[in-house]
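These notes are about the structure you will find just below.
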Amino acid sequence: MQTSNTTSLTSRHVAVIGAGAAGLVAARELRREGHQVVVVFEKDSQIGGTWVYTPQVETDPLGLDPARHIVHTSLYKSLRTNLPRESMGFMDYPFVTRAGEGSDPRRFPGHAEVLKYLQDFAREFGIEEMVRFECEVVSVEMVDKKLKVKCKRMRPDGGGDDLLDEVFDAVVVCNGHFTQPRIAEIPGINLWPGKQIHSHNYRTPEFFKDKVVILIGSSASAIDLSLEIGGNAKEVHIASRSVADDTYEKRAECDNIWLHSMIKSAHKDGSVAFRDGNTIVADIILHCTGYKYCFPFLKTNGIVTVDDNRVGPLYKHVFPPIFAPQLSFVGLPYRNLPFPIFEIQSKWISSVLSDRIVLPSQEDMMEDVNTFYSTLEDSGVPKHHTHNMGDRMIDYNAWVASLCQCPCFEEWRVQMFYETAKRLNTNPKTFRDEWEDDNLVLQACEDFSKYI
């Protein structure tokens, strides 16, 4: 990897798929780098992506029916961020409380405040003028070393859809990965008579009133939902893969919530058996089991695939070597600082497309990918955790930032991320409203003064 010696930069015709946080910052960085023709395709009528809340849910509560009407967002009504606003925002556009009706000044605000922040960001940098709303991309394929994008656009008169083709030098995929549910595999579930739902289709807890609920999962959203549902349900039993098989304990946060090891089997009499040896009769199973990466519009002849939730082959989670740099992805890594990661990946992509930065050869990128996969396998990391950043976040960010010759994550931002994770694990009910990192907040505010 090297910086180009060229004195003149290349301006390309670039498509961005999605106008959520990743797509917005990608569009900004592409424009900043001098790519004068940047088109953002957004199938909704507004920006925000997954941060646009709707009470609407899908007709299939598990999200498995391919014929269902797909609802993009997975937000539930009460959702608050699980990261403090200081560390969550883009690095040069702080997520601070801004004046205005309905603003939410909390450090861990509700989803409406995040959407407002993204709307302000788009307005500040003139991004909305690049967005084609109600344009759903249905096909992206390589044709004569260019990428042909086919989109479906709703007619203003409501008389159906128009199919439009356009050719681009490059496509940046920013369509998010919180729409296609992953479901736990449970022996005997086809005979079990109760109801099942994925958290993608959860909005409010009233449906669970006086029910015995089994919740599968251990993520931040699973913890949130267990507590919220616990205030309505008769009992909540959390089934987790991340605990020992003999685990069975009452949760301190609520007197009707129990933690179990994973489900062993389900039965036609309504009972569900756990690996810890306990059996309960349940009314509902709620799958808080995450999501699948899904790119139904990509036509790559099997070169870029999603295999057990590994999108690959990808060089550093961004570039498929055979199609680089024309095709790239923003926002695949998880368990990190999402908005700042989107920002740094977008700077890299923009600089590669302008020829400021030169990628390694296709062969060298593939070798790097294979080495990375071997390292994961040798470390016992399952394939479906390929994009789980975790402790690799800091090194990854520093590596990309050094290429782009831009600042990497501030030390306070990283410390705040880990302090928040620690509080979430020890005090899931109060971690958003009780903290001891005011020194980090002060450091953040000092940095923010450069941009406000």
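The values are calculated or read from the model by the stated rules, or taken from the named source; none is laboratory data. What you see is a predicted model, and the numbers here were worked out from it, not measured in a lab. A quick note on method: Cβ atoms are made from the backbone with ideal geometry, for glycine too, and the neighbour counts reach across all protein chains shown. Just the protein is used for accessible areas: all its heavy atoms, side chains included, with ligands, DNA and RNA removed. Shrake-Rupley method; radii C 1.70, N 1.55, O 1.52, S 1.80 Å.
Values as computed for the structure displayed
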item	result
Residue match in segment 367-387 (condition: on the phi < 0 side of the Ramachandran plot, of a type in the set (Asp, Glu) and either touching a residue at least 40 places away in the same chain (Cβ under 8 Å) or not assigned by the TED database to the domain that holds ILE303 (or both))	yes
Subset of segment 405-452 [closer than 26 Å to CYS254 by Cα and aliphatic (A, V, I, L, M)]	ALA421, LEU424
Enumeration of residues in segment 261-278 that are open to solvent by 60 Å² or more (accessible area, probe 1.4 Å) and of a type outside the set (Asp, Glu)	LYS264, HIS267, LYS268, ARG275, GLY277
Some residue of segment 325-332 being part of a loop (DSSP other than H, G, I, E, B), touching a Phe, Trp or Tyr at 6+ places or on another chain (Cβ under 7 Å) and open to solvent by 20 Å² or more (accessible area, probe 1.4 Å)	yes
Qualifying residue in segment 435-452 (condition: within 30 Å of TYR293 (Cβ to Cβ) and either in a loop (DSSP other than H, G, I, E, B) or assigned by the TED database to the domain that holds LEU337 (or both))	no
Conditions (1) more than 30 Å from LEU191 (Cβ to Cβ); (2) not in a strand (DSSP E or B); number of the one not met by VAL311	(2)
Search result, residues across segment 271-289 that are part of a strand (DSSP E or B) and either under 28 Å from ASP308 (Cβ atoms) or at pLDDT below 95 (or both)	VAL272, ALA273, PHE274, ILE284, ILE285, LEU286, HIS287
Selection count, segment 392-434, where residues are within 23 Å of ASP224 (Cβ to Cβ), touching a Leu at 6+ places or on another chain (Cβ under 8 Å), open to solvent by 20 Å² or more (accessible area, probe 1.4 Å) and part of a helix (DSSP H, G or I)	2
Test set (1) closer than 24 Å to THR204 by Cβ; (2) outside any strand (DSSP E or B) - LYS268 fails condition number	(1)
Of all residues making up segment 32-47, the number that are crowded, with 19+ Cβ neighbours inside 10 Å, over 15 Å from ARG132 (Cβ atoms) and either aliphatic (A, V, I, L, M) or touching a strand residue (DSSP E or B) at 6+ places or on another chain (Cβ under 9 Å) (or both)	1
Selected residue [open to solvent by 70 Å² or more (accessible area, probe 1.4 Å) and in the same structural domain as THR305 (by the TED database)] from MET142, MET154	MET154
Filter pass, LEU164 being farther than 30 Å from ILE284 by Cβ and open to solvent by 50 Å² or more (accessible area, probe 1.4 Å)	yes
Meets criteria (small (Gly, Ala, Ser) and open to solvent by 50 Å² or more (accessible area, probe 1.4 Å)) for SER8	yes
Checking TYR117 against (1) crowded, with 21+ Cβ neighbours inside 10 Å; (2) touching a helix residue (DSSP H, G or I) at 6+ places or on another chain (Cβ under 7 Å), the condition it does not meet	(2)
Scope segment 87-114; condition open to solvent by less than 40 Å² (accessible area, probe 1.4 Å), part of a helix (DSSP H, G or I) and over 15 Å from GLU343 (Cβ atoms); matching residues	HIS111, GLU113, VAL114
Tally, over segment 388-434, of residues that are farther than 25 Å from VAL352 by Cβ, of a type in the set (A, V, I, L, M) and in the same structural domain as TYR315 (by the TED database)	0
Selected residue [touching a Gly at 6+ places or on another chain (Cβ under 7 Å), among the β-branched types (Val, Ile, Thr) and open to solvent by 40 Å² or more (accessible area, probe 1.4 Å)] from VAL236, VAL281, VAL306	VAL281
